[in-house]
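Engineer: I have a structure I would like to understand better, so I am pasting it below and will then ask my questions one at a time.
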Amino acid sequence: MKWNLGATTRPWNRWTFEEACGHIADAGYTDVAVFANADGHLLRSNAGADEIAKTVEIAAKRNLKPSMLLSGPQLNADLEDAAKDYRRQVDVCAEAGVRYLMDCGCGDDLREKYIAVMRAVAPHAEAKGVELQLKPHGGIGLNGGMLAQVHEEIGHPAFSICYDPGNIIYYTAGGERPEPDVQKVAPRVGSFIVKDCVVQNGRPDVWIKPGEGEVDFEAVLSALADAGFQGPLYVECLGGDDLDEINANARATFETLQQLKAKLAP
């Protein structure tokens, strides 16, 4: 994989998955990360064969590959049940051809259970060709150093980091910067979220077009390239209040990423 460019369905979460796929494809992206849409979250752990096949078919109609899924383990359940459910989530990913099963971590109070579940599920994920991923989202993944520590504790090749530079700024209210932070975790990164962030009067905001905030994407991606990062990249936030603006931002962001890819990709 050489820095495939994808988009999550989040910017189009007021529309159906099928409508989101159409807009993502029209903007030039090849991959789609499945988040929740107006018609629900289509690849839940209890999704049936028909639901999985329909999701894949919808994406294929627009020549998109559903390569990432946003989900997470049920940490409110006991360890055995949580691991069983997440193994089923892995199975759903495998059936849909999804490579990356990405989650947002948890609070410090659930850290031990999270690590235990991931250790229990990782061998099954490896056997199914699925990569478990944690992205920065506060809690146990507040910054690169903490992400690296969790990665080290889980210690399995089927577990990696999905780096999100905008969230480094957002969840620290600008207290930390992704450009130096990424150095702490770069060799462990398996995918990348394209998200910017601006902090005004102490209030962070990620609902903006990439390039209009504080993230230096070239610096962050250059550090990842130096560490051997192979992609993919997924756009998560684009800003915009209406569909035309969202789509225009999606196309502009794709062009910017194409330029960075040509400049930095190994």
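Engineer: If you average 1/r over all unlike Cα pairs in the range 137-266 and invert the result, what Kirkwood radius do you get in angstrom?
Structural biologist: 15.0
Engineer: So, one more: Please list, or write none, the lysines whose alpha carbon is within less than 16 Å of the alpha carbon of LYS65, excluding same-chain residues fewer than 8 places away.
Structural biologist: Of all the lysines, those that pass the test against LYS65 - Cα under 16 Å, at least 8 places apart if same chain - are LYS2, LYS54.
Engineer: Now, a different point. Pick out, from PRO232, ALA20, VAL194, the residue whose Cα sits farthest towards the positive end of the charge dipole of the chain, with +1 on the Cβ of Lys and Arg and -1 on the Cβ of Asp and Glu.
Structural biologist: Among PRO232, ALA20, VAL194, the one farthest towards the positive end of the dipole of the chain is PRO232.
Engineer: Sticking with this structure for a sec: What's the exposure ranking of TYR29, TYR114, going from fewest to most Cβ atoms within 10 Å?
Structural biologist: Going from least to most buried by this count: TYR114, TYR29.
Engineer: I've got another one for you. With the contact rule set at Cα under 8 Å and sequence spacing of 6 or more, what percent relative contact order holds for the chain?
Structural biologist: Over the chain, the number comes to 18 percent.
Engineer: A further question on this structure: Can you tell me the dipole magnitude for the range 5-264 around its Cα centre, using point charges on the Cβ only (Lys, Arg +1; Asp, Glu -1), in Debye to the nearest 20?
Structural biologist: The calculated dipole for the range 5-264 is roughly 480 debye.
Engineer: Rounded to the nearest 5, what % of DSSP beta bridges with both residues in the chain are antiparallel?
Structural biologist: That works out to approximately 15 percent antiparallel.
Engineer: Let me ask something else. Of the residues ALA82, ALA250, ALA116, which exhibits the maximal mean-square fluctuation in a Gaussian network model of the chain defined by a 10 Å Cα contact cut-off?
Structural biologist: With Cα springs under 10 Å in the chain, the top fluctuation among ALA82, ALA250, ALA116 is at ALA116.
Engineer: Taking the dipole about the Cα centre of the chain, with the C-beta of Lys and Arg at +1 and of Asp and Glu at -1, give me whichever of VAL130, ALA82, ALA47 is farthest to the positive side.
Structural biologist: VAL130
Engineer: Next up: Counting each DSSP H run of 4 or more residues in the chain as -39500 (n - 2.57), what helix-only mean residue ellipticity at 222 nm follows after dividing by all residues, to the nearest 500 deg cm²/dmol?
Structural biologist: So the helix-based figure for the chain works out to -13000 deg cm²/dmol.
Engineer: Once you list every other residue whose beta carbon is under 13 Å from the beta carbon of LYS128, what net charge do they have if Lys and Arg are +1 and Asp and Glu are -1?
Structural biologist: Surrounding charge for LYS128 is -1.
Engineer: Restricting things to Cα coordinates, could you compute the convex hull volume per residue of the range 1-148 in Å³?
Structural biologist: Spelled out: Cα convex hull of the range 1-148, divided by residues, is 119 Å³.
Engineer: Thinking of the chain as a set of Cα atoms, what percent of all their pairs are more than 26 Å apart?
Structural biologist: That tail contains 37 percent of the Cα-Cα pairs.
Each reported figure results from applying straightforward, stated rules to the coordinates on display, with no laboratory input. For clarity, every value in this text was computed on a predicted model and none was experimentally measured. Here the Cβ is made from the backbone with ideal geometry for all residues, glycine too, and neighbour counts use every protein chain on show.
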